[in-house]
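Read the structure below first, then the notes.
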Amino acid sequence: MAVSHTLLVTGGAGFIGSHTLVELLAAGFDVVVFDNFQQGSREALRRVQALSGRSFPCVEGDVRDAAALDRLFARQAELGAPIDAVVHFAALKAVADSVARPLAYYDNNVQGTLALLAAMRRAGVSRLVFSSSATVYGEPQALPYDESHPIAPTNPYGHTKAMVERILRDLCMAEPDFSAVTLRYFNPIGAHPSGRIGEDPHGAPDNLFPYLTRVAIGQLPELRVFGTDYATADGTGVRDYIHVVDLAQGHVAALRHALSGPGFTAVNLGTGHGTSVLELLAAFAAATGVAVPWRPAPRRAGDIAAAWADPRLAERLLGWRASRDIAAMCADGWRWQTRHPDGYAASGAGSGNSAGKP
Ligand code: UFG
């Protein structure tokens with residue numbers, strides 16, 4: 001990179017944020033992390049610094065706090081390292097929790113993004129990469145989902161992501177120099193191959209992979225497979241699992257795109273391959289030698305049978321495609337879990353103080 005760019009990374013202490021920091025630093029970007037540590041971990045940031053051999057400022061704060069954001073942008077300008085672009089992860093992300101606490105989700109995810117965008121405009125920053133989700137598509141009209149699939153989320157969390165996408169689209173129309181790349185994640189799993197950073201859900205995990213690894217390590221008795229009568233090859237739900245390092249590298253490509261010119265772009269980050277729950281269990285056993293006990297359970301409310309991405313736009317537009325297979329996702333995720341049976345907590349300090357993860 002000829003010119004060095006300084007990035008504000010909100011929610012950088014979370015699962016996807018921490019892995020993305022490693023890739024952004026490796027690509028030569030300078031970063032400033034902004035995180036309220038309610039879900040993210042300070043220890044994750046220390047390890048990112050150790051892994052990358054680079055230090056960076058970490059500011060504790062909430063994206064809904066306009067004054068804190070103004071101070072951060074102003075301070076970076078004073079230091080001669082003004083923020084060039086923002087990578088915005090900070091959000092609440094648990095679907096069931098969003099059904100129970102919709103106002104918390106609209107407040108954090110929508111109001112938080114509005115506060116961030118307003119602060120960016122005051123500071124003259126007009127480049128953004130936004131963490132969206134494949135959940136914005138809702139019930140599939142056709143598979144794979146491509147980016148022109150109708151937007152029809154089925155839960156408050158999905159609505160918050162769809163609303164922010166709408167806001168960004170409108171902003172890019174109104175302000176012709178604004179650039180926003182919104183990344184629709186499929187199912188990120190696995191961990192950095194070093195085993196030093198990974199997913200650290202507080203309490204019983206909601207998602208399949210961290211639940212499975214907790215059963216594998218003996219902290220939970222068995223996996224419940226939610227639905228064995230779906231119209232899929234083996235009756236269990238099919239998803240597009242993507243290695244979190246591939247996903248992280250997708251952000252680097254998206255950021256380069258955002259820096260290259262204005263406009264709104266929505267892009268899937270997935271592999272294009274669907275894997276069922278039972279196929280994932282088999283792949284995990286093959287990669288790790290651990291057979292995870294499971295039993296059939298009723299379908300989970302709100303789940304769809306199958307979802308996978310059409311990943312071609314990301315390749316065409318960003319020059320990015322996922323390269324790591326399910327075996328690598330399982331082996332890397334298992335390395336993290338076995339080395340850190342209690343997540344970051346056992347490292348002495350550092351986890352946040354409430355449930356969930358970004
Ligand atoms: N599953 C089980 N047992 C479990 C957990 C999950 O059988 O204990 C099954 C689910 O029924 C589903 C599959 O495993 O078939 C994947 O479930 P996850 O909860 O891991 O992932 P989802 O696809 O339901 O949702 C995830 C994120 C959402 C995001 C969505 C994007 O949790 O935030 O992917 O597609 F919106």
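No value in this document is a laboratory result; all are computed from the given coordinates. Predicted, not measured: the structure shown is a model, and the values here were computed from it. Cβ coordinates were reconstructed from backbone atoms using ideal geometry, including for glycine residues, and neighbour counts include every protein chain displayed.
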**Amide hydrogen neighbours beyond the local backbone of residue 237, cut-off 5 Å, H modeled** = 277
**Message:** Explain nothing, just the number: relative contact order of the stretch 14-112, from Cα pairs under 8 Å at least 6 residues apart, as a whole percent.
**Reply:** 24
**Complete:** Where a ≥ b ≥ c are root eigenvalues of the Cα gyration tensor, a/c under 1.5 meaning rounded, otherwise prolate if a/b exceeds b/c and oblate otherwise, the stretch 76-159 counts as oblate
**Fill in**
For the stretch 238-358, inverting the pair-averaged 1/r of distinct alpha-carbon atoms gives a Kirkwood value in Å of 17.1
**Prompt:** Given the Cα-Cα distance of residue 295 and residue 111 and 0.36 nm per residue of separation, how much length would full extension add, in nm?
**Reply:** 62.2 nm
**Request:** Name the residues whose placed amide hydrogens come within less than 5 Å of the amide hydrogen of residue 268, ignoring near sequence neighbours (fewer than 5 apart) on the same chain.
**Result:** 184, 314
**Message:** Around residue 119, under 13 Å between beta carbons, what's the net of Lys plus Arg minus Asp minus Glu among the other residues?
**Reply:** +2
**Item:** Note, ³J(HN,Hα) from phi for the stretch 64-79, Karplus 6.51, -1.76, 1.60, rounded to Hz, x at Gly and Pro
**Value:** 7, 9, 4, 5, 5, 5, 4, 4, 5, 4, 5, 5, 4, 5, 4, 6
**Asked** Which of 245, 252 comes first, and how do the rest follow, when ranked by fewest Cβ neighbours within 10 Å?
**Response** 252, 245
**Asked** Rg/Rh for the stretch 182-233: what does it come to with C-alpha atoms and Rh from Kirkwood?
**Response** 1.03
**Message:** Rg/Rh for the chain to two decimals, with Rh computed the Kirkwood way over all alpha-carbon pairs.
**Reply:** 0.95
**Fill in**
Here the percent of antiparallel bridges among DSSP beta bridges lying wholly in the chain, to the nearest 5, is 5
